[in-house]
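Here the structure comes first, spelled out in structure tokens, and everything after it is commentary.
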Amino acid sequence: MDITFITIAAVAGLIVGGLIIYLLTRKNNQTLTAAAQEKANAILQEATSKGEILLKDKTIEAKDRFYQMKTEHEKHIAEKDKNLLQSENRFKQKEGTLNQQIEQNKRKQSELDTLQANLTSQLEVIDRRKEEIDKAHVKQVQALEKIAGLSAEDAKKQLVEALKAESKTEAMSFIKETMDEAKLTANKEAKKIVIQTIQRVATEHAIENAVTVFHIDNDEVKGRVIGREGRNIRALEAATGIEIIVDDTPEAIILSGFDPVRRELARLALHQLVSDGRIHPARIEEVVAKVKRQLDEEIIETGKRTAIDLGIHGLAPELIRVVGRMKYRSSYGQNLLQHSREVANLCALMAAELGLNVKLAKRAGLLHDIGKVAEEDTELPHAIAGMKMAERAKENPEVINAIGAHHDEIEMTSILSPIIQVCDAISGARPGARREMVEQYMKRLKEMENVAQSYKGVEKAFAIQAGRELRVIVESSKLDDKATEQLSFDIANKIQTEMTYPGQVKVTVIRETRAVNYAK
């Protein structure tokens, strides 16, 4: 019984405790809810006040922006009104000016009408007076015809015929006197100009020959130049096309060849080889190639210097090179560059005396013989070849005609052409200026080389020993030994049948095979 009571009491205590805890928890929740509600109300109130403040600020800002835009708009409207007012004022001013001009034009028109009316009346008066004068003139003519017994037309014809006869007589007399005086004056002036021109030009004449002497310090050098079994001298002759003569002449080696450029190439190459001391076939070929490049540069420099000395500007590069090559070319024993410079100066002086273009005359005088140094072989006369070179270089048409016509190959169309022809004759016709035999000799040797080079497989051909030997170098890959022998026979036979020469010509054909490899 006690246990039951205790159990009931415990259960009742638990129920009462749970009820108390529930009541306490509920009260606490109500307190928390009330506090949260108060906090939420405070936050809401604060947000409401901030929103009202922000709304007021934005409203004030919008009003300020509206007032600003309104002010700007009113200012813009006022400015437009001002511009319109100014435009209206200008328009009114122009309208007033136009009205004034219209009034002035009206007054001028009325004045013109008045003047026209006055002129019309005056013209009527003049016409009446003219009719009266014409009638009086007719009466006078009729009276004169009765007195003279001739009509007016017959009198005019007689007067005209008399005047014609008198004019013809006077004109013929004047023409005869003028022509006689012109002939005397022309002959006198022409002789005077030519004599003065010759007197004012004095240039040196370099008489070219076919031999150049190379001086050495001692005769020991000759052995190194010849080389073992003559291989060095053969290599030098093959590379330059010049015959190297090493004889008993003390401290001298003779370079023989008709081409001055080749002789100069051989001289410069030999000078470098002797100075360096290394003389062997490979070194010889290397030095000759180097000297050839230097000689080409010197030719160009000579052409430029000549043009500058004569005051000639704007020459094409190919013409400058041709002028430089003239230094190593002779015409009938007369150095071609000296001859061309002399002709240029003569032409300048003669053109100045005649009142022509001095610079153009000097240009034509310098270039008149460029056909003689053309690098390519041609069958054309040197004047035509030079004219074509000048045409390719786009020279002045008067200069081109002067070059082509200075030996009468073409018709002269420029006043410069006869001047070039005369000055060329003056320069070449002086006693001792030219030697015909040298020119013929060089021409014969050149033709001999051309004969050899006309065959297939020929690489080089050199006329040496004053034309007594023709040395031909062939390409070993194109001709064998039998073909080489046949080539020698064919060239000798062609020279014998087509050319005229003293003595005999030895034709030597060289076929050389080289094997070259490099160790790396």
Matching residues in segment 274-307 - criterion: being over 28 Å from Met448 (Cα atoms), modelled with pLDDT of 85 or more, surrounded by 18 or more Cβ atoms within 10 Å (Cβ to Cβ) and of a type in the set (A, V, I, L, M, F, W, C): Ala307
Sole residue being acidic (Asp, Glu) and either under 22 Å from Asn335 (Cβ atoms) or modelled with pLDDT under 85 (or both), chosen from Glu391, Glu409: Glu409
Residues located in segment 239-260, provided they are among the small types (Gly, Ala, Ser), under 46 Å from the mean Cα position of the chain (by Cα) and farther than 23 Å from Val373 by Cα: none
Lys359 vs. criteria open to solvent by 60 Å² or more (accessible area, probe 1.4 Å) and modelled with pLDDT under 85: no
Criterion: under 26 Å from Arg267 (Cα atoms) and open to solvent by less than 10 Å² (accessible area, probe 1.4 Å) - qualifying residue of Gly324, Gly386, Gly365: Gly324
Tabulated pairs, segment 106-125, first at negative phi, second open to solvent by 100 Å² or more (accessible area, probe 1.4 Å) and aliphatic (A, V, I, L, M), C-beta under 9 angstrom, 6+ apart or interchain: none
Long-range neighbours under 7 Å by Cβ, at least six apart or interchain, first residue under 16 Å from Pro397 (Cβ atoms) and open to solvent by 60 Å² or more (accessible area, probe 1.4 Å) within segment 408-424, second part of a loop (DSSP other than H, G, I, E, B) and not hydroxyl-bearing (Ser, Thr, Tyr): Ile415/Leu356
Helices (runs of 4 or more DSSP H) wholly inside segment 344-427 containing at least 2 residues that are over 19 Å from Met326 (Cα atoms) and of a type outside the set (Asp, Glu): 358-367, 397-405
Residue count for segment 473-509, restricted to those that are among the aromatic types (Phe, Trp, Tyr) and either within 47 Å of the chain's Cα centre (by Cα) or buried (at least 18 other Cβ atoms within 10 Å of the Cβ) (or both): 1
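The values are calculated or read from the model by the stated rules, or taken from the named source; none is laboratory data. It should be emphasised that the depicted structure is a prediction, and the values quoted were computed from it without experimental measurement. For neighbour counting, all protein chains shown are included, and Cβ atoms are generated from backbone atoms with ideal geometry for every residue, glycine included. For accessibility, only protein heavy atoms count, side chains too; no ligands or nucleic acids. Shrake-Rupley method; radii C 1.70, N 1.55, O 1.52, S 1.80 Å.
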